[in-house]
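Notes for the one structure printed next.
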Amino acid sequence: MKKAKVALALGVLCISIFPILVKLNLTPGVISAFYRMAVATVCILPYVLLTKQFKITAKKPFYLAMLCGVIFGLDVAVWNIAIQESTATQATLLTNLSPVWVGVGAFFFLKDKPTNNFWFGTVIAIIGMVMLVGFKTFVALDFNLAFCFAVLSGMLYAVYMLLSKDILNQINVLTFMTTSLVASTIFLGVLSYAINEPFTGFSNAGWLVLLLQGLVCQLLAWLLISYATKHMRATRVSVSLLGQAILASFLAWLFLDEAISTQMVVGGLVLLFGIRITFYQKSIFAKKRVLKRKLS
C-alpha cells in the first residue's frame, strides 16, 4: 500500500503539468491527444515485446483494455478542446467532478462499495476545489459547448477508472497500458484524419510540448497511476487526482505568472483534507455514533 501511495503521488505530480502545456495552444486539441498517446506507445511497445512482459491470459480483459484505450483517448481529446475553448480553470474544475461519477459507478458496479468517508471526503474536496478556483469563477460558469465537453470528460474518465480497476485485477500493468495506448493511438489517429487536423507543421516548441505530454503526462504518469489503481480503491485514486489542481495552480504561478491568493491556499488545504478523509480506514460517522451513546 505504501508503494501504491508513493506511485499515486508521483503520478499526480506528472499529470499536473498537462493543463499548462495544453493552454499554450501550440497544437490543436485532438491531434495533441493523438501525439500524447503515440509518443507513449512508441516508447512502451518495443520494451514490453523485447522483455516478453506483454501477456494476454484471456480475450475478455484484452478487449476491455482496448475499450479503455478508446475511452481514455476520447476523454483526453474532449478535455483538450474544453481547455482551449474556455479556461483551464473551468475545464479542470468540471473534469475533476469525476470522483462523484466514479463513486456512483462503484456503488452500482463494483464489489468494493464507496464508504461514508469517501462521500464525506469527496464533498469536502470539491468545496476545496471551488475555493481554489474561486467562487466567482464557479458562479460564472459558461454553459457552452466547452462546458459540455468538460463535463463529458469527467464522465469518460470515471468510466475509464471503473473499467481499468476491474481489468487490472486480471492482467499486469504493462499489458494493460500497452493495449490501451495502442487502441487510443489508432482511434485518435483516425479521428484526427477524419476532422482534418494537421499531423505536421508545428513549431519546435509545439513538438517539445507534444513530447513532454507523451513521456511525462501519459507514459510515466499513467504507469504510476495504473499501478496505484491496481492496489488501491478506484474511488480513492479518483479523489486523490484532485490534488493535481493544487500543483497546476502552483505551476501556473511559477511559469505563467498567474496570481495565488489566500483563498486559493485555503482552498488547497481544504481539498487536501478532503482527500485525507477518503484514506481514513475507520468510519468517522461510526465514531460519532459511539460518542453519542457514551454521552447518553
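Worth pointing out:
- Approximate spin-label separation residue 254-residue 269, in nm, with each point projected 7 Å along Cα-to-Cβ: 2.2 nm
- Compared with the direct C-alpha span, the chain from residue 199 to residue 261 gains 18.4 nm at full extension, assuming 0.36 nm per residue.
- Packing-based exposure ordering (other Cβ within 10 Å, fewest first) of 174, 269, 74: 269, 174, 74
- R0 of 45 Å, Cβ-Cβ distance residue 148-residue 57: FRET efficiency to nearest 0.05: 0.70
Here, each number is a calculation from the coordinates, and none is a lab measurement. Quick caveat: nothing in here was measured; it's all calculated off a predicted structure. Heads up, the Cβs are rebuilt from the backbone with ideal geometry, glycines too, and the neighbour counts pull from every protein chain shown.
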